[in-house]
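The values are calculated or read from the model by the stated rules, or taken from the named source; none is laboratory data. Everything numeric here is computed off the predicted structure, so don't read it as measured data. Cβ coordinates were reconstructed from backbone atoms using ideal geometry, including for glycine residues, and neighbour counts include every protein chain displayed. Accessible surface areas use protein heavy atoms only, side chains included; no ligands, DNA or RNA. Shrake-Rupley method; radii C 1.70, N 1.55, O 1.52, S 1.80 Å.
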Amino acid sequence: MVVICFGTRPEVIKFSSVIKELSERKIPFKTVFTGQHKELFDDVSDLVPAPGYRLDLMKKNQTLNHIVAAIAQKLTPILNTLRPTVLLVQGDTTTAMTSALCAFNMNIPVGHVEAGLRTFNLNAPFPEEGNRQIISRIAAFNWAPTELSAKHLKAEKCSNVEVTGNTVVDMCHNLNYKGEYGNTVLITLHRRENFGEKMKSYFEQIETLAKRYPKLEFVFPMHPNPKVQENRDLLKHVTVTAPMGYFDFLKAVSKAKLIITDSGGVQEEAGTFKKRILLCRPNTERAEGVKAGFVQLVPDNLIEAFEKVIHNPEHNIDNPFGDGKAAERIVNSMINRFPKLNKHD
Ligand code: UDP
């Protein structure tokens, strides 16, 4: 049996194609939901079956170490009962790191989905960079989304590194949304590094562009963080909405003419729908999109960058983050090593 641990919305999204693949191939699995981000789970909960176990560990003002201790305490008896052949974690959350460590301590092989992303700065993102480095060292399977992440893992001499593509790309493929270039410029900005003067400047430039291009609709689903919201009144010609549900957002991505964002995940998703991204950051840990040519770093001058691409935003570059077959490769990789999984142990 396979056990899959997740605790946040992105983990649910990025595990959904793996869970679908296991279900279709009738490979037994159980899911454990730690509830690390309870409030973000609802709009994607239909992507996966109801969790087999819910740890419900969140309490007010919990520290990271409280979460670690609570997961370790509650997950251990579950793993003792189930004794899975392999335990899967995704990404770099405290849920992923702690679940992996619990399994490792119990001699249960760990499979890491989306392994090998690196900034090499333990403080940024914190604690995610530390979490992902820890998981890589103890994982029995390191499934890297891209060649670049595989290169990082091989340099660290991690076990069983395999390039699979990113499972979020599988998810975007499964939606079958038709990519078209509509009339909207879709915007998301919320990263901590941009708070303050940087954010204000991006907002002012977006307002200038929205005024200058009245035939385009500038749509900005705005993060509730007060550090983002404090600039809201600068936007008089922009349609500001509440954050969109995941599928509404992906639909908006699929129909946009151009995307302005500082997000990490949006870079992977937009590649599937062949959208250009003006990335409001000086760098990115997902260098593949920049290298492929559809992501452009915009550390300051958004107006100039926008005017260069807006008249010719279409492209036909393959998504470097995956081809929609990551889950198939991940499940094949497990079966190759543990053929008994196929025999429904
Ligand atoms: N997203 C969403 N609704 C929105 C804006 C974004 O569902 O209104 C999704 C988006 O598709 C992506 C994720 O939220 O998968 C990105 O999250 P965020 O930008 O907060 O984090 P990052 O990817 O930078 O870690």
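Quick notes on this structure:
- Here the contact order of the chain, divided by its residue count and restricted to Cα pairs under 8 Å and six or more residues apart, works out to 17 percent.
- Restricting the stretch 228-280 to trypsin sites (Lys or Arg not before Pro) that sit in a DSSP loop and have at most 11 other Cβ atoms within 10 Å of their own Cβ leaves Lys236.
- Low-density loop positions, trypsin sites (Lys or Arg not before Pro), the stretch 36-125 - DSSP coil, at most 14 other Cβ in 10 Å: Lys59, Lys60
- Helix screen, the chain: DSSP H segments with Cα axial length of 18 Å or more and mean Kyte-Doolittle hydropathy at least -0.5 are 9-24, 64-82.
- Solvent-accessible surface (1.4 angstrom probe) belonging to Val219, in square angstrom, nearest 10: 20 Å²
- Among beta bridges from DSSP that stay inside the chain, the antiparallel ones total about 0%.
- Cleavage-rule hits, GluC sites (Glu not before Pro), the stretch 153-242, DSSP coil, Cβ neighbours within 10 Å at most 16: Glu156, Glu180, Glu230
- For the listed residue pairs Lys211/Lys308; Lys198/Lys257; Lys157/Lys340; Lys151/Lys275; Lys178/Lys275, the alpha carbons are over 20 angstrom apart in Lys198/Lys257; Lys157/Lys340; Lys151/Lys275.
- Each Lys and Arg adds +1 at its Cβ and each Asp and Glu adds -1 at its Cβ; summed about the Cα centre, the stretch 248-345 shows a dipole of about 400 debye.
- For the chain, convex hull of alpha carbons as volume per residue, Å³: 126 Å³
- Note on Ala124 and Thr76: with the Förster distance fixed at 41 Å, the Cβ-Cβ geometry gives a FRET efficiency of about 0.85.
- Heavy-atom accessible area, probed at 1.4 angstrom with all protein chains present, ranks Ile134, Ile330 as Ile134, Ile330, highest first.
- Annotation: Asp46 carries an accessible surface of approximately 150 Å², with a 1.4 Å probe and no ligand, DNA or RNA atoms counted.
- Phi-based couplings in Hz for the stretch 108-115 (Karplus 6.51, -1.76, 1.60; Gly and Pro marked x): 9, x, 10, x, 10, 8, 6, 8
- Net charge of neighbours whose Cβ lies under 12 Å from the Cβ of Arg132, counting Lys and Arg as +1 and Asp and Glu as -1: -4
- Reciprocal mean inverse distance between Cα atoms of the stretch 1-158 - Kirkwood radius, Å: 15.7 Å
- From its DSSP helices (H runs of at least four residues, each -39,500 (n - 2.57)), the chain gives a residue-normalised ellipticity at 222 nm of -12000 deg cm²/dmol.
- What separates the Cα centres of the stretch 294-334 and the stretch 198-229 is a distance of 21 Å.
- Considering only Ile303, Ile13, Ile135, the mean-square fluctuation computed in a Gaussian network model of the chain, springs between alpha carbons under 10 angstrom, is largest for Ile303.
- Each of Val48, Pro339, Leu209 was scored by the projection of its Cα onto the charge dipole of the chain, and the greatest displacement toward the positive side belongs to Pro339; charges sit on the C-beta of Lys, Arg, Asp and Glu.
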